[in-house]
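**Q** Dropping a structure here in structure tokens format, bear with me for questions.
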Amino acid sequence: GALASGLTMALMGRVVNRIDPRLWITFGALGMVATMAALGSIGPDTGADALWWPLLFRGITTVMMFLPLSLATLGPLPREDVGAGSGFYNLTRQLGGSLGIAVLTLVLDRQRAVHRAHLVEALTPTDPRLQERLLELQVWLGSRSGTGGATPEQALQILSQQVDQQAALLAYGDVFHLVGLLFLAVLPLVL
């Protein structure tokens with residue numbers, strides 16, 4: 001992603017002034033929506049190969065949005081005001097980024113709790129699949145410890161960790177989709 005950003009920055013430096021910055025920002029935002037949709041579909045079996053392209057495009061689309069935005073923000077300023085304008089621009093970007101991260105962290109925590117509650121709700125003690133899974137975990141734990149057996153509490157602890165991991169994965173998917181929707185929602189402001 002970082003290499004893609006660097007290469008995109010070098011290429012855009014040559015052509016950014018030829019096209020209206022709003023179009024660059026729009027194309028970058030739409031690319032980011034597609035990237036967030038791709039990242040929002042990650043699952044337990046998602047490997048590094050499936051993340052390679054979305055992260056590459058995230059690097060490209062970030063530059064497509066922020067380079068023209070910086071130039072459009074600072075370009076019209078008189079030379080003597082560029083330093084102050086740059087400081088104010090960076091301050092607003094940092095504050096906006098910090099606020100955005102805080103809000104997304106709250107959403108992530110809430111969604112993780114919601115997904116965990118839904119997943120746990122589906123685990124009923126009378127479900128034969130649950131009983132089978134707990135027995136498999138006990139056998140697996142026993143084979144790893146060398147004692148030949150493990151307690152049901154140990155198996156439940158492993159199952160709880162697996163539920164936590166799945167809930168976190170679903171919550172991250174929700175956050176990626178939310179970010180994509182937010183990019184779409186603010187797009188009219190750019191145009």
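Read the figures in this text as sums done on the coordinates, not as results from a lab. Fair warning: this is a prediction, and the values are worked out from it, not measured in the lab. Note that we place each Cβ from the backbone using ideal geometry, even for glycine, and neighbour counts take in every protein chain shown.
**Q** State the percent of C-alpha pairs, over all pairs in the range 107-191, separated by a distance greater than 21 angstrom. If you can, show how the numbers build up before the last one.
**A** Values: 1745 of 3570 pairs.
The answer is 49 percent, as a whole percent.
**Q** Let me ask something else. Please identify, among G13, G173, G59, the residue showing maximal mean-square fluctuation in a Gaussian network model of the chain using a 10 angstrom Cα cutoff.
**A** Among G13, G173, G59, the largest GNM mean-square fluctuation belongs to G13.
**Q** Compute the separation of the alpha-carbon centres of the range 152-182 and the range 50-105 and state it in Å as a whole number.
**A** So the two Cα centres are separated by 31 Å.
**Q** Which residue, D109, D174, D49, tops the fluctuation ranking in a GNM of the chain built on C-alpha contacts under 10 Å?
**A** Per the Cα network of the chain with a 10 Å cutoff, D49 tops the list.
**Q** In nm, to one decimal, how far is the L189 label point from the H177 one, both placed 7 Å along Cα→Cβ?
**A** It works out to 2.3 nm between the two label points.
**Q** Could you tell me how many degrees, from 0 to 90 and to the nearest 10, lie between the Cα long axis of helix 2-15 and the main elongation axis, the longest principal axis, of the Cα atoms of the chain?
**A** For 2-15 against the chain, the angle is about 20 degrees.
**Q** If Rh is defined by the Kirkwood formula over all Cα pairs and Rg also comes from Cα, what ratio Rg/Rh do you get for the range 10-61? Display every interim value, and only then the final one.
**A** Working: Rg = 13.7 Å, Rh = 12.3 Å.
With Rg and the Kirkwood Rh in hand, the quotient comes to 1.11.
**Q** Another one. How far is helix 48-74 tilted, in degrees, relative to the longest principal axis of the Cα atoms in the chain, given as a value from 0 to 90 rounded to the nearest 10?
**A** Roughly 30 degrees, rounded to the nearest 10.
**Q** Here's something else I'd like to know. Compute the distance in nm between two label points, each set 7 Å from the Cα along the Cα-to-Cβ direction, one at R18 and one at S98.
**A** Once both label points are built, they end up 4.0 nm from each other.
**Q** OK, next. How long are the semi-axes of the equivalent ellipsoid of the chain, defined as square roots of 5 times the Cα gyration tensor eigenvalues? Whole Å, largest first.
**A** Numbers: eigenvalues 448, 58, 44 Å².
After scaling each eigenvalue by five and taking roots: 47, 17, 15 Å.
**Q** Given only helices, namely DSSP H runs of n ≥ 4 each adding -39500 (n - 2.57), what is the per-residue ellipticity at 222 nm of the chain, to the nearest 500 deg cm²/dmol?
**A** -29500 deg cm²/dmol
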